[in-house]
Amino acid sequence: MGNTFKTAFLLTALTLLLMFIGQYFGGQNGMILALIFAAVMNFVSYFYSDKIALAVYRAQPVTREQLPRLYEIMERLAPKMGIPMPKLYVIPTESPNAFATGRNPQHASVAVTHGILNLLNDEEMEGVLAHELGHVRNRDILISSVTATIAGAITMLASMGRWAMIFGGFGGDREDRRGGGIGALIMLILAPIAASLIQLAVSRSREYQADATGAHLTGNPYALASALQKLDAYSRRLPMQASPSTAHLFIIQPQLLGINFGNLFSTHPPIAKRIERLTGRPPELMQ
């Protein structure tokens, strides 16, 4: 319940931030335009974000004949979770990872990389797939799409505001320029950072919840913890390049343009903390 409240709070904060920027630069009309802009972008992301994400990573649909192991595990888990069988895809990369996408359980897809199939045993794979089904059941894909869209709208508005200030936004006398101009500039720099941090906080809280759901579904938190440990170690050796707009979908954080900002700008909680929450002990004491 804590995560649900936190997510609702952060989504509200993002929407208010968007409205505030719109009102600051365009008054009442600016605020309304900002909301319409976000609503249109949400509509597009709601219906097409899954297709876009699968296309970006060249995910290929797989049949039962091609991958019976994956189908058998998923057919055990989906009825336990009370959701329909999702479509299954494989991403042609040796970097081990997985993600779920789709606007609701009836339109869900789960994609795994070629590398994860070779790395994990059946119990660990079951833990990973249960985690992904946890995202599907918890409607995380919808929440993360909406959050990413609003955060993107805030960043775009702030960027437009910066250009407006450069090309004539500093009208008025010298006092106006010194006060309003500097205040607006500070807000335009801080707003996208605030939007990003809120989006990342939503993503992190959802990962903990999906871990807990997956562990509860399989009754085997140690299998998921073991999978996370393996995925973390192997993905460091063979990192997966991902776009910032879809990085939050994966079970472990992929590499973002070769930049590491530490935990502050991370879409996922630290693996050690996730393992500790699952097993009640630090990763080094798991063996």
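The values are calculated or read from the model by the stated rules, or taken from the named source; none is laboratory data. Predicted, not measured: the structure shown is a model, and the values here were computed from it. Using ideal geometry, Cβ is built from the backbone for each residue, glycine included, and neighbour counts are taken over all protein chains shown.
Taking residue 84 as the residue in question, decide whether it is surrounded by 16 or more Cβ atoms within 10 Å (Cβ to Cβ) and part of a loop (DSSP other than H, G, I, E, B). Walk me through how you get there before you give the answer.
Values: surrounded by 16 or more Cβ atoms within 10 Å (Cβ to Cβ): no; part of a loop (DSSP other than H, G, I, E, B): yes.
Criteria not met by residue 84.
Just the residues that are assigned to a loop (DSSP other than H, G, I, E, B) and either in contact with a His (Cβ under 6 Å, 6 or more places away or on another chain) or of a type in the set (A, V, I, L, M) (or both), please, taken from region 95-122.
Going through region 95-122, the residues assigned to a loop (DSSP other than H, G, I, E, B) turn out to be 95-97, 102-104, 108, 120-121.
Listed by number, the residues that qualify are 108, 120.
Looking only at region 123-146, which residues are of a type in the set (D, E, K, R) and outside any helix (DSSP H, G or I)? I'd like the intermediate steps shown before the answer.
Restricting attention to region 123-146, the residues satisfying the condition of being of a type in the set (D, E, K, R) are 123-124, 126, 132, 137, 139-140.
Once the filter is applied, which keeps residues that are of a type in the set (D, E, K, R) and outside any helix (DSSP H, G or I), region 123-146 yields only 139.
Given the criterion outside any helix (DSSP H, G or I), within 30 Å of residue 13 (Cβ to Cβ) and at pLDDT below 90, identify the matching residue among 203, 245. So that I can check it myself, show each step before the final result.
On the way: 203 fails: outside any helix (DSSP H, G or I).
Being outside any helix (DSSP H, G or I), within 30 Å of residue 13 (Cβ to Cβ) and at pLDDT below 90 holds for just one of 203, 245, which is 245.
List the pairs whose first member sits in region 214-235 and is under 12 Å from residue 122 (Cα atoms), whose second member is not in a helix (DSSP H, G or I), and whose Cβ atoms are under 6 Å apart, counting only residues at least 6 apart or on separate chains?
227/120
I need every pair where a residue in region 63-88 that is aromatic (Phe, Trp, Tyr) has its Cβ under 7 Å from the Cβ of a residue that is part of a loop (DSSP other than H, G, I, E, B), sequence separation at least 6 or different chains.
Cβ pairs passing all conditions: 71/64.
For (1) within 19 Å of the chain's Cα centre (by Cα); (2) modelled with pLDDT of 75 or more, each residue gets a yes or a no:
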site: 119; (1), (2): no, yes
site: 123; (1), (2): no, yes
site: 140; (1), (2): yes, yes
site: 146; (1), (2): yes, no
site: 154; (1), (2): yes, no
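Could you check region 53-62 and list, in sequence order, the residues that are assigned to a helix (DSSP H, G or I) and touching a residue at least 24 places away in the same chain (Cβ under 8 Å)?
Start the filter on region 53-62 by keeping residues that are assigned to a helix (DSSP H, G or I), which leaves 53-56.
Answer for region 53-62, where residues must be assigned to a helix (DSSP H, G or I) and touching a residue at least 24 places away in the same chain (Cβ under 8 Å): 53, 54, 56.
Taking the residues in region 214-242 that are of a type in the set (Gly, Ala, Ser) and in a helix (DSSP H, G or I) as candidates, determine which candidate is nearest to residue 282 (Cα to Cα). Full working, then the answer.
From region 214-242, those of a type in the set (Gly, Ala, Ser) are 214-215, 219, 223, 225-227, 233, 235, 242; that's our starting set.
Next cut, in a helix (DSSP H, G or I) only: 214-215, 223, 225-227, 233, 235.
Numbers: 214: 19, 215: 17, 223: 15, 225: 10, 226: 12, 227: 15, 233: 16, 235: 20 Å.
Ranking the qualifying residues of region 214-242, first place goes to 225.
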